[in-house]
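Undergrad: Here it is: the structure, laid out below.
The values are calculated or read from the model by the stated rules, or taken from the named source; none is laboratory data. Since the model is a prediction, treat every value here as computed from it, not as a measurement. Cβ sites come from the backbone with ideal geometry, for glycine too, and all protein chains shown count toward neighbours. Keep in mind that these areas ignore ligands, DNA and RNA; they rest on the heavy atoms of the full protein, side chains included. Shrake-Rupley method; radii C 1.70, N 1.55, O 1.52, S 1.80 Å.
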Amino acid sequence: MASLDESKGVFEFGCGTGAFAASLLKSCLPPDCRYIGIDIAPRMVRLATTRLQPWGERAKIKLSDGSSRLHEPDETFDHFVSNYVLDLLAPEYASAIIFEAFRVLRNRGRLCLITLGHGRSGVQRLVTELWERIWRLKPEIVGGCRPVDLRRLLAAQEWSIDGYKVVTAFGITSEVLVASRHRHLGRLQ
């Protein structure tokens, strides 16, 4: 859905150990594509930096300062990816990151997100309800994660949803979303 094989620049928010980035660089991204990943955890930055050494200067890992402002120029990337990070963030912070994704993406750039989602039926809904209750009472039990409705998160800004899929494994639901940016920054500011 994301057409990452056509990318000239990928930004990953919450790169973790760099395993996803290494997979992209090894088998999906074109040889001239550059990758920048950020993470708030110094240990993750060290692990990702080591893991991505084979790609030299084309793959960079940076330590995030924790602010919702990304320190990248406007309209720089073709893809903005984030896997299971927005479900850790406060809703206002997640919205700010989505705005920043819009800012750093080129026109027709793609936002590619995966988060913990809401169950749609039966056992899935039960698991979601239980998860949310635990999260409200003691979020550390569920790793601080809570289900997120990605389409609702994007509704406040102008995105074109290219693909959306709900995937459930062992009663736990994930949302996968790919959206495109079709307006220039000047029209939103």
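Undergrad: For the stretch 1-20, what are the residues that are on the phi < 0 side of the Ramachandran plot and among the small types (Gly, Ala, Ser)?
TA: Within the stretch 1-20, Ala2, Ser7, Gly9, Ala19 meet the criteria.
Undergrad: Counting just the residues of the stretch 4-35 that are of a type in the set (Asp, Glu) and outside any loop (DSSP other than H, G, I, E, B), which one comes out nearest to Arg51 (Cα to Cα)? Explain how you work it out, then say what you get.
TA: Just the residues of the stretch 4-35 that are of a type in the set (Asp, Glu), to begin with: 5-6, 12, 32.
So of that shortlist, the ones also outside any loop (DSSP other than H, G, I, E, B) come out as 5-6, 12.
Numbers: Asp5: 21, Glu6: 23, Glu12: 15 Å.
Taking the candidates together, the pick is Glu12.
Undergrad: What number of residues within the stretch 119-130 satisfy the criterion of being surrounded by 17 or more Cβ atoms within 10 Å (Cβ to Cβ) and assigned to a helix (DSSP H, G or I)?
TA: So the count comes out to 3.
Undergrad: Something else about it: What's the number of the only condition in (1) part of a strand (DSSP E or B); (2) crowded, with 19+ Cβ neighbours inside 10 Å that Leu70 fails to meet?
TA: With respect to (1) part of a strand (DSSP E or B); (2) crowded, with 19+ Cβ neighbours inside 10 Å, Leu70 is out only on (1).
Undergrad: Let me ask something else about it. Provide a single number: the residues in the stretch 5-14 that are of a type in the set (A, V, I, L, M, F, W, C) and open to solvent by 10 Å² or more (accessible area, probe 1.4 Å).
TA: Residues meeting the conditions: 1.
Undergrad: Just for the stretch 94-118: of the residues that are closer than 28 Å to Arg133 by Cα and open to solvent by less than 10 Å² (accessible area, probe 1.4 Å), which one is farthest from the chain's Cα centre (by Cα)?
TA: The residue in question is Gly117.
Undergrad: Sticking with this one: I'd like to check something: does the stretch 141-160 contain any residue that is charged (D, E, K, R), at pLDDT 85 or above, under 16 Å from Ala101 (Cβ atoms) and open to solvent by less than 80 Å² (accessible area, probe 1.4 Å)?
TA: Checked the stretch 141-160: no residue is charged (D, E, K, R), at pLDDT 85 or above, under 16 Å from Ala101 (Cβ atoms) and open to solvent by less than 80 Å² (accessible area, probe 1.4 Å).
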